[in-house]
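Inspection log for the structure reproduced underneath, given as structure tokens.
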Amino acid sequence: MASRASWRRVSAPDVSMYVDELLGVPRSFACGWLAGLLAPVAAMAGVVGGIYLFTKKVPFITELVERDGERHLMVELVEPQQARSLIRRGTEAAQAFGDEIRSELEVEE
């Protein structure tokens, strides 16, 4: 008789526990992916903010062309207004380069 009483006390399996275990891996992947995406951006923003706090200038990647025609990239501290104009000029150069590539691809076809 004791065995029949013990069967009555057994409850149905808790499905939420299994669902939580099943969704644990994709959830961990998504959190890791998001952290891996945001952490470098936050670190760069912190570095740029710290430099601006001390110098009132922002670091910007500029191109240096030497006398012999060799080109180099360098990081330079510029005023924020100058950085805006450099971004605008870089955007225009990138668009022109993209247009040039598209026209060459169309000629090849």
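Computed from the coordinates by the stated procedures, all read-outs in this text should not be read as laboratory data. Please read these numbers as outputs of a predicted model, since none were measured by experiment. Cβ sites come from the backbone with ideal geometry, for glycine too, and all protein chains shown count toward neighbours.
At a glance:
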{"read-out": "Top-ranked residue in segment 26-65 [being among the aromatic types (Phe, Trp, Tyr) and part of a helix (DSSP H, G or I); ranked as surrounded by the fewest Cβ atoms within 10 Å (Cβ to Cβ)]", "value": "Phe54"}
{"read-out": "Pairs, first in contact (Cβ under 8 Å) with a residue 12 or more places away in the chain in segment 49-73, second in a loop (DSSP other than H, G, I, E, B) and of a type outside the set (Gly, Ala, Ser), C-beta under 7 Å, six or more apart", "value": "Lys57/Glu79"}
